[in-house]
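The structure appears below as structure tokens.
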Amino acid sequence: MTNDELIAALRDADAVRYGEFELSHGGTSSYYVDKYVFETDPHCLELVAEAFAERLAALGDQKLAGVALGAVPLVAVTSVETGRPYVIARKQQKDYGTANLIEGNLEEGEEVVILEDIATTGQSAVDAAEALREAGAEVSRVVVVVDREEGARENLADSGLELASLVTASELLADAPDDVDAA
């Protein structure tokens, strides 16, 4: 699969929107990549799983981790595509049941790669990596669908994490209206 196929699928699914949007970290943007649109579209999910599988093939046999809630569909389809097991990293403990931050089976010293939907600052992935490390995992990589190119790479590097993306904002917005700023 090529990046062009994934970019076309994201655009065709109307996952890229233009206007004025507030982002989760408090900033604003002239575009928005709606993860819930592409994560609920079977064709997009299939392409994302294939692309993640291609990227992961070069990384060895690492367990997958998805950040709750947004990356759970992505890590699930990628697990099916690759045959690799996964865990889910919660942002906070539940106050019922097991109250785990990490859901699923994770062994001490296991190598884990984090899959994420969209990286802006990368803070969700940093938090997930910290929780996984506290649970005994070795984490050094994060692979995202879209890197908004707004500091995530640097923020992740400060936490000892390497960022790889399937698509960058620059690529996704190459044909965007003139008033849209990719970074």
Original post:
Which of (1) farther than 27 Å from residue 103 by Cα; (2) modelled with pLDDT of 95 or more; (3) not aromatic (Phe, Trp, Tyr) does residue 30 not meet, given it meets every other one?
Top reply: (2)
**OP:** Consider only pairs whose beta carbons are under 6 Å apart and that are at least six residues apart or on different chains; among these, list those whose first residue lies in the stretch 146-158 and is in contact (Cβ under 8 Å) with a residue 24 or more places away in the chain and closer than 18 Å to residue 33 by Cα and whose second residue is of a type outside the set (Asp, Glu) and part of a helix (DSSP H, G or I).
**Re:** 148/169; 149/169
**OP:** Give the residue, chosen from 104, 70, 122, 66, that is within 22 Å of residue 15 (Cα to Cα) and touching a Phe, Trp or Tyr at 6+ places or on another chain (Cβ under 7 Å).
**Re:** 66
Subject >> Among the residues listed as 67, 48, 87, 75, the single one being modelled with pLDDT under 95 and crowded, with 19+ Cβ neighbours inside 10 Å >> reply: 67
Original post:
Looking at (1) surrounded by fewer than 20 Cβ atoms within 10 Å (Cβ to Cβ); (2) touching a residue at least 24 places away in the same chain (Cβ under 8 Å); (3) in contact with a strand residue (DSSP E or B) (Cβ under 7 Å, 6 or more places away or on another chain), can you tell me which one residue 37 breaks?
Top reply: (3)
Subject >> Check on residue 78, in a loop (DSSP other than H, G, I, E, B) and among the hydroxyl-bearing types (Ser, Thr, Tyr) >> reply: no
Original post:
Which of the residues spanning the stretch 113-156 are farther than 15 Å from residue 25 by Cα, in a helix (DSSP H, G or I) and under 14 Å from the mean Cα position of the chain (by Cα)?
Top reply: 128, 129, 153, 156
Original post:
Taking the stretch 40-68, which residues are in contact with a strand residue (DSSP E or B) (Cβ under 9 Å, 6 or more places away or on another chain) and not in a helix (DSSP H, G or I)?
Top reply: 59, 60, 61, 62, 63, 64, 65, 66, 67, 68
Subject >> Selection within the stretch 18-39 - part of a strand (DSSP E or B) and more than 19 Å from residue 166 (Cα to Cα) >> reply: 18, 19, 20, 21, 22, 28, 29, 30
**OP:** For the stretch 126-151, name all the residues that are closer than 15 Å to residue 89 by Cα and among the basic types (Lys, Arg).
**Re:** 133, 141
Subject >> One residue from 116, 130, 134 being among the acidic types (Asp, Glu), surrounded by 23 or more Cβ atoms within 10 Å (Cβ to Cβ) and closer than 20 Å to residue 156 by Cβ >> reply: 116
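The values are calculated or read from the model by the stated rules, or taken from the named source; none is laboratory data. All values derive from a computational prediction rather than experimental measurement. Cβ atoms come from the backbone with ideal geometry, glycine included; neighbour counts cover every protein chain shown.
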